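J.: After the structure tokens below, expect a handful of questions from me.
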Amino acid sequence: MAVSKQAAQRFDWERFNLGKLNEVEVRKEYQTEITNRFAVLENLSDDEDINRAWENIKENIKTSAKESLGLQELKQHKPWFDEECLGFLDQRKQAKMRWVQDPSQGSVDNLYSVRHDASRHFRNKKKAYLKLKLRNLKLTVRSKILGIFIGASMILRRVTCLELI
């Protein structure tokens, strides 16, 4: 089972809650925030480097969006993936970087060892999570089946009582 390195990188991304732009108050607040920030940028000198100007514009937009819209909560696609798994993922990444910098046999062996430990940890975490989900599902199904049998037996009692009358 491979865990992509995007899982670790995903935590660094900033996604803004664009759904809030549908609210009139929030949209107006964002518009005034952007207008005020660009008014300050217009007062800057024209001999400024184009890359520096672009960085200023980009940072102003990001800051305004973060203040008025807030950040969007990321969905967790793998509920079993926690901070401990991130640690193993980081160890694997560091071992790979050491191997790239020094492709000696020792770093190769270290990389294989770290990969093996990380994969085993991910596999065990996922297995434990799935066992817990299966146990909860079994309990839910048992209780629902028991409820169905109790309901059916009550109906049968009523029918037999009506037949006796």
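J.: Kindly indicate whether residue 149 is surrounded by 12 or more Cβ atoms within 10 Å (Cβ to Cβ) and either touching a Phe, Trp or Tyr at 6+ places or on another chain (Cβ under 9 Å) or in a helix (DSSP H, G or I) (or both). Show your work before the answer.
T.: Numbers: surrounded by 12 or more Cβ atoms within 10 Å (Cβ to Cβ): no; either touching a Phe, Trp or Tyr at 6+ places or on another chain (Cβ under 9 Å) or in a helix (DSSP H, G or I) (or both): yes.
Spelling it out, it is not the case that residue 149 is surrounded by 12 or more Cβ atoms within 10 Å (Cβ to Cβ) and either touching a Phe, Trp or Tyr at 6+ places or on another chain (Cβ under 9 Å) or in a helix (DSSP H, G or I) (or both).
J.: Specify which of the listed residues (72, 91, 76) is out of contact with any Ser or Thr (no Cβ under 6 Å at 6 or more places or on another chain) and modelled with pLDDT of 90 or more. Quick ask: steps written out before the conclusion?
T.: Values: 72 fails: modelled with pLDDT of 90 or more; 76 fails: modelled with pLDDT of 90 or more.
Exactly one of 72, 91, 76 is out of contact with any Ser or Thr (no Cβ under 6 Å at 6 or more places or on another chain) and modelled with pLDDT of 90 or more, namely 91.
J.: Same structure again: Does the range 48-64 contain any residue that is at pLDDT 80 or above and in contact with a strand residue (DSSP E or B) (Cβ under 9 Å, 6 or more places away or on another chain)?
T.: Within the range 48-64, one or more residues are at pLDDT 80 or above and in contact with a strand residue (DSSP E or B) (Cβ under 9 Å, 6 or more places away or on another chain).
J.: Within the group 125, 138, which residue is within 28 Å of the chain's Cα centre (by Cα) and either of a type in the set (Val, Ile, Thr) or closer than 24 Å to residue 85 by Cα (or both)?
T.: Numbers: 138 fails: either of a type in the set (Val, Ile, Thr) or closer than 24 Å to residue 85 by Cα (or both).
When all the criteria are applied, what remains is 125.
J.: Continuing with the same structure: Scanning the range 10-47 for residues that are of a type in the set (A, V, I, L, M), assigned to a helix (DSSP H, G or I) and out of contact with any Leu (no Cβ under 8 Å at 6 or more places or on another chain), which turns out modelled with the highest pLDDT?
T.: So the first thing to find is which residues in the range 10-47 are of a type in the set (A, V, I, L, M), and the list is 18, 21, 24, 26, 34, 39-41, 44.
Still in the running and assigned to a helix (DSSP H, G or I): 18, 21, 24, 26, 34, 39-41.
Checking the rest, the ones that are also out of contact with any Leu (no Cβ under 8 Å at 6 or more places or on another chain) come to 24, 34, 39-41.
Numbers: 24: 90, 34: 87, 39: 80, 40: 74, 41: 72.
In this case the residue turns out to be 24.
J.: Further, regarding this structure: What about residue 33, is it in contact (Cβ under 8 Å) with a residue 24 or more places away in the chain and closer than 30 Å to residue 134 by Cα?
T.: Details: in contact (Cβ under 8 Å) with a residue 24 or more places away in the chain: yes; closer than 30 Å to residue 134 by Cα: no.
No: the conditions fail for residue 33.
Quick grid of which residues meet (1) under 30 Å from residue 28 (Cβ atoms); (2) free of Cβ contacts under 8 Å to residues at least 24 places away in the same chain; (3) touching a Cys at 6+ places or on another chain (Cβ under 9 Å); (4) surrounded by 11 or more Cβ atoms within 10 Å (Cβ to Cβ):
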site: 91; (1), (2), (3), (4): no, no, no, yes
site: 101; (1), (2), (3), (4): no, yes, no, no
site: 125; (1), (2), (3), (4): no, no, yes, yes
site: 131; (1), (2), (3), (4): no, yes, no, no
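J.: Something else now. Could you go through the range 154-161 and let me know if any residue there is part of a loop (DSSP other than H, G, I, E, B) and over 30 Å from residue 20 (Cβ atoms). Even if it seems obvious, please write down each step before you answer.
T.: Within the range 154-161, the first condition is being part of a loop (DSSP other than H, G, I, E, B), and the residues that meet it are none.
Checked the range 154-161: no residue is part of a loop (DSSP other than H, G, I, E, B) and over 30 Å from residue 20 (Cβ atoms).
J.: Which of the following residues is without any contact (Cβ under 8 Å) to a residue 24 or more places away in the chain and in contact with a helix residue (DSSP H, G or I) (Cβ under 6 Å, 6 or more places away or on another chain): 136, 110? So that I can check it myself, show each step before the final result.
T.: Working: 136 fails: in contact with a helix residue (DSSP H, G or I) (Cβ under 6 Å, 6 or more places away or on another chain).
The match here is 110.
The values are calculated or read from the model by the stated rules, or taken from the named source; none is laboratory data. These numbers come from a predicted model, not from an experiment. Neighbour counts run over all protein chains shown; Cβ positions are idealised from the backbone, glycine included.
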